[in-house]
Amino acid sequence: MLNLFKQHDWNCQGGSRRKFLMQVGSLAGLGISLDMALQAEAAAAKKNDLNCILIWTRGGTSHIDSIDPKPEAIADVRGEFKTISTAVPGIQFTEYMPQFAKKLGSFSVLRNLNPRNGSHSTADAIMMSGKPFNQTITYPCFGSAVSKEKGKRNSLPPFIQLGSEVDRLKRAGLGGYLGIEYNPFEVPGDPSSKNFKVRDVTPPGGLPLSRFDKRRQALNLLDTLPRKDKKNAGALEATDQFYRNAFEVISSPQTKKAFDLSQEKSELRDAYGRHKFGQSCLLARRLVESGARFVTVSDGGWDTHGSNFKTLKTKLPPVDQGMTALIEDLKDRGLLENTLVVWMTDFGRTSVINANAGRDHSSTASYICMSGIGTPGGTVIGQTDAKAERVVGNEYYAHDVAATIYSKLGISLDTFHTAPDGRPIRLCDGHPIPELMG
């Protein structure tokens with residue numbers, strides 16, 4: 001189908017109108033009406049308008065106690081949980097993942113991920129950027145890179161993080177060398193709470209927007225001052241953009257509406273689960289539907305060195321309910337075609353159960369779950385050994401996960417950005433995982 005609406009052609013000039021009508025007229029001879037052309041163009045635009053929701057369970061979620069159990073292993077390895085069959089013959093999950101088991105046909109599981117790092121803050125930086133950790137430079141996370149490449153759709157921030165469960169010690173989950181204007185708009189708090197309010201969306205204490213307009217004018221006045229220090233000019237411009245974005249968020253009715261979960265039907269909220277994780281997933285769907293490009297749902301408490309099984313009995317069910325409801329809801333709304341959903345964590349856990357009934361960090365085995373944008377459903381990729389300690393055969397790494405995410409979102413891996421010192425840096429050095437590309 002011809003692209004009838006190239007942005008530089010579709011304006012109010014008579015010549016462009018005539019060109020458009022001539023194109024439509026030429027298609028009419030082929031039996032293609034204006035309505036058909038408009039529908040095809042809208043479908044193409046929707047296909048290219050791609051989003052991502054990243055589920056980040058901070059601390060290192062145990063793969064052996066969730067989606068990669070070892071029921072044939074000795075008790076000290078397999079742990080307390082029983083296993084259940086899934087929708088895919090021969091594949092089992094643990095008993096605390098019943099919805100994942102039932103709905104495996106809607107997503108893929110990658111079991112042969114080697115995180116190659118078992119340190120929390122460093123692992124966060126690696127897994128959320130697909131780049132090796134570097135003390136001298138901070139690489140942008142996925143959301144920041146997407147925000148940079150795709151830009152804003154409307155007044156809603158393009159990159160939003162729900163919850164504060166990303167380890168910032170090694171500057172993970174930030175804009176890095178792209179600048180602070182590409183940091184996430186972070187939303188702390190519990191969306192399932194009746195008193196949930198989004199910081200910076202509603203002016204504090206009922207402060208009228210006219211007061212913010214005066215502050216905006218003051219900022220504009222500062223912008224007119226000469227900036228003699230060229231070295232700091234870039235940082236000042238980034239800060240200005242950060243505050244401009246904040247003003248736009250505060251003053252936008254569209255933004256306030258997007259964060260209002262009370263507009264959702266009670267039955268749907270129940271389906272997601274009336275808990276923090278479930279309502280965060282529902283909010284993430286509202287945000288991408290309203291214009292955000294990348295939303296991270298962050299959830300903490302997964303570092304189970306002690307009381308691993310007791311903790312997971314409470315942590316796994318909300319993820320099992322919330323993430324599967326998210327995938328089904330996106331599918332029902334026709335949004336799964338252009339929304340990628342990814343669940344990942346720092347690293348896996350060891351097969352050995354320690355003296356505190358916990359599992360320690362595994363730097364050699366982990367996983368991701370993925371759905372949307374053509375990801376084949378019911379696919380389980382790779383395997384670990386009999387103790388879930390190491391990958392058997394072909395393995396993938398953080399940079400391959402990054403390559404898969406960027407490729408699915410239509411961002412070239414050969415994209416280059418300029419570091420503060422002027423050198424070009426390639427966005428991604430990995431290769432898309434073929435089994436996930438569809």
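Lys313 versus Lys257, label points 7 Å from Cα toward the beta carbon: distance in nm?
4.6 nm
Once R0 is set to 41 Å, what does the formula 1/(1 + (r/R0)^6) return for the Cβ-Cβ distance between Val88 and Ser412, expressed as a FRET efficiency to the nearest 0.05?
0.80
Please state the Cα pair-distance histogram of region 316-438 with 5 angstrom bins from zero: what percent is in each bin?
It works out to 2, 9, 15, 17, 18, 15, 12, 7, 4, 1, 0, in whole percents.
If each residue of separation counts as 0.36 nm, what is the full-extension length gain between Glu95 and Ser290 once their alpha-carbon separation is subtracted?
Roughly 66.6 nm would be gained on extension.
A 23 angstrom limit on the alpha carbon distance is what I want to check against. Which of Lys103/Lys197; Lys103/Lys315; Lys276/Lys408; Lys257/Lys315; Lys70/Lys102 exceed it?
Result: Lys103/Lys197; Lys276/Lys408; Lys257/Lys315 exceed 23 Å.
Among 156-164, 409-417, what's the highest-first ranking by average C-beta atoms within 10 angstrom per residue?
Order by mean packing, descending: 156-164, 409-417.
Net charge around Asp360, counting only other residues with Cβ within less than 12 Å of its Cβ (Lys, Arg = +1; Asp, Glu = -1)?
After counting each charged neighbour, the total is 0.
Gln135 versus Asp332, label points 7 Å from Cα toward the beta carbon: distance in nm?
5.2 nm
Between Glu72 and Val352, what is the label-to-label distance in nm when each label sits 7 Å out along the Cα-to-Cβ direction?
Taking the simple label geometry, Glu72 and Val352 are separated by 2.4 nm.
Which order do peptides 107-117, 143-153, 56-66 fall in by mean Cβ count within 10 Å, highest first?
The packing order, highest mean first, is 56-66, 107-117, 143-153.
Ignoring ligands, DNA and RNA, how do Lys331, Lys103, Lys256 rank by accessible area with a 1.4 Å probe, largest first?
Ranked list, largest accessible area first: Lys256, Lys331, Lys103.
Keeping all protein chains in place and using 1.4 angstrom, which order do Phe309, Phe185 fall into by accessible surface area, from largest down?
Result, largest first: Phe185, Phe309.
Per residue, what volume in Å³ does the Cα convex hull of region 265-334 take up?
That works out to 84 Å³ per residue.
Provide the FRET efficiency to the nearest 0.05 for the Lys152-Lys265 pair, computing r from the beta carbons and using R0 = 22 Å.
FRET efficiency, Lys152 to Lys265: 0.15.
About the Cα centre of region 295-438, how large is the charge dipole given +1 on each Lys and Arg Cβ and -1 on each Asp and Glu Cβ? Please answer in debye to the nearest 20.
About 300 debye.
Would you mind checking which residues have amide H under 5 Å from Asn338's amide H? H placed 1.01 Å from N; only 5 or more apart, or other chain.
HN-HN under 5 Å from Asn338: Ile373.
The values are calculated or read from the model by the stated rules, or taken from the named source; none is laboratory data. Keep in mind that what you see is a predicted model, and the values were worked out from it rather than measured. Methodologically, a virtual Cβ is constructed for each residue, glycine included, from the backbone with ideal geometry; neighbour enumeration extends over all protein chains shown. Side chains included, ligands, DNA and RNA excluded: accessible areas come from the protein's heavy atoms. Shrake-Rupley method; radii C 1.70, N 1.55, O 1.52, S 1.80 Å.
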